[in-house]
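Let me begin by presenting the structure, written as C-alpha coordinates, before commenting on it.
The values are calculated or read from the model by the stated rules, or taken from the named source; none is laboratory data. Please read these numbers as outputs of a predicted model, since none were measured by experiment. Virtual Cβ from ideal backbone geometry, glycine too; neighbours counted across all protein chains shown.
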Amino acid sequence: MRAYVSGASGFIGSHVVGALRAAGWDVGEEFVDVGDMDGLRHAMKGADAVFHLAARYAFRGDLDEFARVNVVGTRNVLEAARASGVARVVYTSTCATCGHVAGRPATEEDGPPAWELAVPYKATKLEAERLALAAARDGSDVVIVNPTTPVGEGDTAPTPTGRMVRGVATGRFRAYLGGTGVNLVDVRDVARGHLLALSGVAAGSAICSEARTCRSARRSR
(Lines give C-alpha, C1' and ligand atoms only; values in the text may rest on other atoms or scores of the structure.)
Protein backbone atom coordinates (compact mmCIF):
# COMPACT_ATOMS: atom_id res chain seq x y z
CA MET A 1 0.00 0.00 0.00
CA ARG A 2 1.28 3.45 -0.87
CA ALA A 3 0.37 6.83 0.58
CA TYR A 4 1.40 10.34 -0.36
CA VAL A 5 1.68 12.84 2.50
CA SER A 6 1.70 16.56 1.78
CA GLY A 7 3.32 18.57 4.55
CA ALA A 8 5.35 15.51 5.54
CA SER A 9 8.12 17.60 7.09
CA GLY A 10 5.73 19.42 9.41
CA PHE A 11 4.98 18.68 13.05
CA ILE A 12 1.91 16.47 12.57
CA GLY A 13 2.95 15.36 9.10
CA SER A 14 6.23 13.83 10.27
CA HIS A 15 4.35 11.79 12.86
CA VAL A 16 1.82 10.64 10.27
CA VAL A 17 4.70 9.50 8.05
CA GLY A 18 6.21 7.57 10.96
CA ALA A 19 2.89 5.94 11.86
CA LEU A 20 2.27 4.91 8.26
CA ARG A 21 5.69 3.34 7.90
CA ALA A 22 5.31 1.53 11.20
CA ALA A 23 2.07 0.09 9.80
CA GLY A 24 3.89 -1.16 6.69
CA TRP A 25 2.97 1.57 4.20
CA ASP A 26 5.23 2.80 1.43
CA VAL A 27 5.18 6.57 1.93
CA GLY A 28 5.85 9.29 -0.61
CA GLU A 29 6.82 12.48 1.18
CA GLU A 30 8.54 14.56 -1.49
CA PHE A 31 7.90 18.28 -1.27
CA VAL A 32 5.56 19.60 -3.95
CA ASP A 33 4.23 23.14 -3.95
CA VAL A 34 0.46 22.90 -3.65
CA GLY A 35 0.19 25.22 -6.64
CA ASP A 36 1.99 22.71 -8.89
CA MET A 37 -0.75 20.50 -10.33
CA ASP A 38 1.62 18.44 -12.49
CA GLY A 39 3.89 17.89 -9.50
CA LEU A 40 0.98 16.82 -7.31
CA ARG A 41 -0.30 14.34 -9.86
CA HIS A 42 3.20 12.90 -10.26
CA ALA A 43 3.64 12.57 -6.48
CA MET A 44 0.27 10.81 -6.17
CA LYS A 45 0.91 8.33 -8.98
CA GLY A 46 0.15 4.85 -7.70
CA ALA A 47 -1.01 6.11 -4.29
CA ASP A 48 -3.85 4.32 -2.53
CA ALA A 49 -4.32 7.21 -0.09
CA VAL A 50 -3.38 10.87 0.21
CA PHE A 51 -2.94 12.68 3.52
CA HIS A 52 -3.17 16.42 2.98
CA LEU A 53 -1.49 18.20 5.88
CA ALA A 54 0.36 21.00 4.06
CA ALA A 55 -0.94 24.36 5.30
CA ARG A 56 0.06 27.85 6.23
CA TYR A 57 -0.20 27.77 10.03
CA ALA A 58 0.34 31.13 11.74
CA PHE A 59 -1.82 33.69 13.44
CA ARG A 60 -0.54 36.64 11.43
CA GLY A 61 0.47 37.15 7.84
CA ASP A 62 -0.66 38.01 4.34
CA LEU A 63 -4.23 36.87 3.66
CA ASP A 64 -3.45 36.15 0.01
CA GLU A 65 -0.72 33.70 1.00
CA PHE A 66 -3.01 31.95 3.48
CA ALA A 67 -5.62 31.64 0.73
CA ARG A 68 -3.09 30.41 -1.83
CA VAL A 69 -1.80 27.63 0.40
CA ASN A 70 -4.80 26.67 2.51
CA VAL A 71 -7.68 27.15 0.07
CA VAL A 72 -6.33 26.95 -3.47
CA GLY A 73 -3.79 24.34 -2.36
CA THR A 74 -6.51 22.14 -0.90
CA ARG A 75 -8.58 22.47 -4.07
CA ASN A 76 -5.54 21.43 -6.11
CA VAL A 77 -4.79 18.44 -3.91
CA LEU A 78 -8.40 17.23 -4.12
CA GLU A 79 -8.46 17.64 -7.90
CA ALA A 80 -5.10 15.91 -8.34
CA ALA A 81 -6.20 13.02 -6.13
CA ARG A 82 -9.37 12.56 -8.14
CA ALA A 83 -7.45 12.68 -11.43
CA SER A 84 -4.93 10.17 -10.09
CA GLY A 85 -7.58 7.69 -8.96
CA VAL A 86 -6.64 7.89 -5.28
CA ALA A 87 -8.97 5.73 -3.20
CA ARG A 88 -9.19 8.01 -0.16
CA VAL A 89 -8.05 11.51 0.85
CA VAL A 90 -7.59 12.32 4.53
CA TYR A 91 -7.73 16.10 4.91
CA THR A 92 -6.30 17.69 8.06
CA SER A 93 -8.52 20.55 9.16
CA THR A 94 -8.64 22.04 12.67
CA CYS A 95 -10.96 22.22 15.65
CA ALA A 96 -11.11 25.97 14.92
CA THR A 97 -13.68 25.26 12.20
CA CYS A 98 -16.12 24.31 14.97
CA GLY A 99 -15.36 27.50 16.80
CA HIS A 100 -15.79 28.50 20.40
CA VAL A 101 -19.21 28.05 21.97
CA ALA A 102 -19.85 29.61 25.37
CA GLY A 103 -21.01 27.27 28.11
CA ARG A 104 -20.56 23.93 26.36
CA PRO A 105 -18.16 21.99 24.11
CA ALA A 106 -18.46 22.83 20.42
CA THR A 107 -19.66 20.09 18.09
CA GLU A 108 -19.58 19.55 14.33
CA GLU A 109 -22.93 21.32 14.15
CA ASP A 110 -21.36 24.59 15.30
CA GLY A 111 -19.45 27.20 13.34
CA PRO A 112 -16.84 29.68 14.49
CA PRO A 113 -18.00 33.15 15.54
CA ALA A 114 -17.19 36.11 13.34
CA TRP A 115 -14.41 37.36 15.62
CA GLU A 116 -12.49 34.09 15.15
CA LEU A 117 -12.76 34.36 11.38
CA ALA A 118 -10.81 37.62 11.56
CA VAL A 119 -7.76 35.33 11.93
CA PRO A 120 -6.66 34.43 8.35
CA TYR A 121 -5.59 30.91 9.33
CA LYS A 122 -9.00 30.06 10.78
CA ALA A 123 -10.99 31.65 7.97
CA THR A 124 -9.03 29.90 5.23
CA LYS A 125 -9.05 26.53 6.98
CA LEU A 126 -12.83 26.74 7.26
CA GLU A 127 -13.08 27.56 3.54
CA ALA A 128 -10.76 24.66 2.72
CA GLU A 129 -12.79 22.28 4.87
CA ARG A 130 -15.90 23.24 2.94
CA LEU A 131 -14.08 22.33 -0.27
CA ALA A 132 -13.33 18.91 1.19
CA LEU A 133 -16.98 18.45 2.16
CA ALA A 134 -18.09 19.50 -1.32
CA ALA A 135 -15.69 16.99 -2.88
CA ALA A 136 -17.18 14.25 -0.70
CA ARG A 137 -20.69 15.22 -1.78
CA ASP A 138 -19.54 15.08 -5.40
CA GLY A 139 -18.36 11.50 -5.04
CA SER A 140 -14.74 11.72 -3.87
CA ASP A 141 -13.77 9.60 -0.88
CA VAL A 142 -12.68 12.30 1.57
CA VAL A 143 -12.45 12.15 5.36
CA ILE A 144 -11.73 15.21 7.52
CA VAL A 145 -9.58 15.14 10.65
CA ASN A 146 -10.05 18.01 13.12
CA PRO A 147 -7.23 18.00 15.69
CA THR A 148 -7.33 20.12 18.80
CA THR A 149 -4.03 21.54 20.15
CA PRO A 150 -1.25 19.00 19.44
CA VAL A 151 1.87 18.87 21.59
CA GLY A 152 4.84 16.54 21.73
CA GLU A 153 8.20 15.61 20.29
CA GLY A 154 9.29 17.09 16.99
CA ASP A 155 7.78 20.59 17.17
CA THR A 156 11.15 22.08 16.35
CA ALA A 157 10.16 24.97 14.04
CA PRO A 158 8.19 25.54 16.31
CA THR A 159 4.49 25.90 15.52
CA PRO A 160 2.60 28.78 17.18
CA THR A 161 1.50 26.28 19.84
CA GLY A 162 5.09 25.16 20.34
CA ARG A 163 6.26 28.75 20.75
CA MET A 164 3.64 29.30 23.41
CA VAL A 165 4.64 26.16 25.32
CA ARG A 166 8.34 27.00 25.03
CA GLY A 167 7.76 30.55 26.20
CA VAL A 168 5.91 29.40 29.31
CA ALA A 169 8.40 26.60 30.05
CA THR A 170 11.40 28.94 29.82
CA GLY A 171 9.78 31.72 31.81
CA ARG A 172 9.68 34.10 28.87
CA PHE A 173 5.88 34.15 29.04
CA ARG A 174 3.90 34.36 32.25
CA ALA A 175 0.54 32.82 31.64
CA TYR A 176 -2.40 31.22 33.34
CA LEU A 177 -5.84 30.08 32.24
CA GLY A 178 -8.64 32.12 33.75
CA GLY A 179 -12.15 31.07 32.83
CA THR A 180 -11.12 29.05 29.79
CA GLY A 181 -9.20 25.94 28.84
CA VAL A 182 -6.93 24.43 26.22
CA ASN A 183 -7.69 20.99 24.84
CA LEU A 184 -4.26 19.40 24.41
CA VAL A 185 -3.66 16.15 22.53
CA ASP A 186 -0.48 14.10 22.11
CA VAL A 187 0.69 14.46 18.51
CA ARG A 188 1.20 10.68 18.37
CA ASP A 189 -2.51 10.22 19.05
CA VAL A 190 -3.28 12.70 16.29
CA ALA A 191 -1.16 10.61 13.90
CA ARG A 192 -2.97 7.44 14.96
CA GLY A 193 -6.26 9.22 14.36
CA HIS A 194 -5.17 9.93 10.79
CA LEU A 195 -4.55 6.24 10.20
CA LEU A 196 -7.91 5.35 11.73
CA ALA A 197 -9.47 7.68 9.16
CA LEU A 198 -8.40 5.28 6.43
CA SER A 199 -10.90 2.63 7.40
CA GLY A 200 -14.19 2.33 9.21
CA VAL A 201 -15.16 5.96 8.61
CA ALA A 202 -17.62 7.03 5.94
CA ALA A 203 -16.58 9.57 3.32
CA GLY A 204 -17.50 13.10 4.37
CA SER A 205 -17.08 12.28 8.06
CA ALA A 206 -14.95 14.10 10.58
CA ILE A 207 -12.62 12.73 13.26
CA CYS A 208 -11.93 15.06 16.20
CA SER A 209 -8.67 14.39 17.99
CA GLU A 210 -9.12 15.19 21.66
CA ALA A 211 -8.30 13.43 24.89
CA ARG A 212 -10.54 10.80 23.34
CA THR A 213 -11.33 10.26 19.67
CA CYS A 214 -14.84 11.03 18.47
CA ARG A 215 -16.32 10.28 15.09
CA SER A 216 -19.38 11.97 13.68
CA ALA A 217 -20.78 12.91 10.31
CA ARG A 218 -20.13 16.57 9.56
CA ARG A 219 -22.93 18.23 7.69
CA SER A 220 -22.26 20.99 5.20
CA ARG A 221 -22.71 24.44 6.67
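Considering (1) aliphatic (A, V, I, L, M); (2) at pLDDT 80 or above; (3) under 14 Å from the mean Cα position of the chain (by Cα), the lone condition that Ala118 does not fulfil carries the number (3). Looking only at the stretch 82-115, residues that are under 13 Å from the mean Cα position of the chain (by Cα) and small (Gly, Ala, Ser) come to 2 in all. Kindly indicate whether any position in the stretch 47-62 is more than 18 Å from the chain's Cα centre (by Cα), free of Cβ contacts under 8 Å to residues at least 60 places away in the same chain and crowded, with 23+ Cβ neighbours inside 10 Å. Yes: the stretch 47-62 contains one or more residues that are more than 18 Å from the chain's Cα centre (by Cα), free of Cβ contacts under 8 Å to residues at least 60 places away in the same chain and crowded, with 23+ Cβ neighbours inside 10 Å.
Do you know which of the residues in the stretch 93-111 that are charged (D, E, K, R) and free of Cβ contacts under 8 Å to residues at least 60 places away in the same chain is farthest from Leu198 (Cα to Cα)? The qualifying residue farthest from Leu198 (Cα to Cα) is Arg104.
Conditions (1) farther than 20 Å from Ala96 by Cα; (2) part of a helix (DSSP H, G or I); (3) among the hydroxyl-bearing types (Ser, Thr, Tyr); (4) modelled with pLDDT of 75 or more, marked per residue:
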| site | (1), (2), (3), (4) |
| --- | --- |
| Thr161 | no, yes, yes, yes |
| Val190 | no, yes, no, yes |
| His194 | no, yes, no, yes |
| Val201 | yes, no, no, no |
| Arg221 | no, no, no, no |
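For Thr107, the requirement of being among the β-branched types (Val, Ile, Thr), modelled with pLDDT under 90, outside any strand (DSSP E or B) and closer than 25 Å to Asp62 by Cα is not met. The numbered conditions (1) closer than 30 Å to Thr156 by Cα; (2) in contact (Cβ under 8 Å) with a residue 60 or more places away in the chain; (3) not in a helix (DSSP H, G or I) are all true for Val77 except (3).
Take Gly193 and decide whether it is of a type in the set (Gly, Ala, Ser) and out of contact with any strand residue (DSSP E or B) (no Cβ under 8 Å at 6 or more places or on another chain).
Numbers: of a type in the set (Gly, Ala, Ser): yes; out of contact with any strand residue (DSSP E or B) (no Cβ under 8 Å at 6 or more places or on another chain): no.
It is false that Gly193 is of a type in the set (Gly, Ala, Ser) and out of contact with any strand residue (DSSP E or B) (no Cβ under 8 Å at 6 or more places or on another chain).
Just wondering, is there one or more residues in the stretch 66-73 that are within 16 Å of Val143 (Cβ to Cβ), in contact with a helix residue (DSSP H, G or I) (Cβ under 6 Å, 6 or more places away or on another chain), among the polar types (S, T, N, Q) and surrounded by 23 or more Cβ atoms within 10 Å (Cβ to Cβ)? No: zero hits.
When you scan the stretch 64-83, do you find a residue that is within 18 Å of Val190 (Cα to Cα) and among the hydroxyl-bearing types (Ser, Thr, Tyr), even just one?
Narrowing the stretch 64-83 to residues within 18 Å of Val190 (Cα to Cα): none.
Within the stretch 64-83, none of the residues are within 18 Å of Val190 (Cα to Cα) and among the hydroxyl-bearing types (Ser, Thr, Tyr).
Could you please let me know if Val90 is in contact (Cβ under 8 Å) with a residue 40 or more places away in the chain and not in a strand (DSSP E or B)?
Details: in contact (Cβ under 8 Å) with a residue 40 or more places away in the chain: yes; not in a strand (DSSP E or B): no.
Spelling it out, it is not the case that Val90 is in contact (Cβ under 8 Å) with a residue 40 or more places away in the chain and not in a strand (DSSP E or B).
Filter the stretch 13-44 down to residues that are buried (at least 18 other Cβ atoms within 10 Å of the Cβ), out of contact with any His (no Cβ under 8 Å at 6 or more places or on another chain) and assigned to a helix (DSSP H, G or I), then give me how many there are. Of the residues in that region, 8 qualify.
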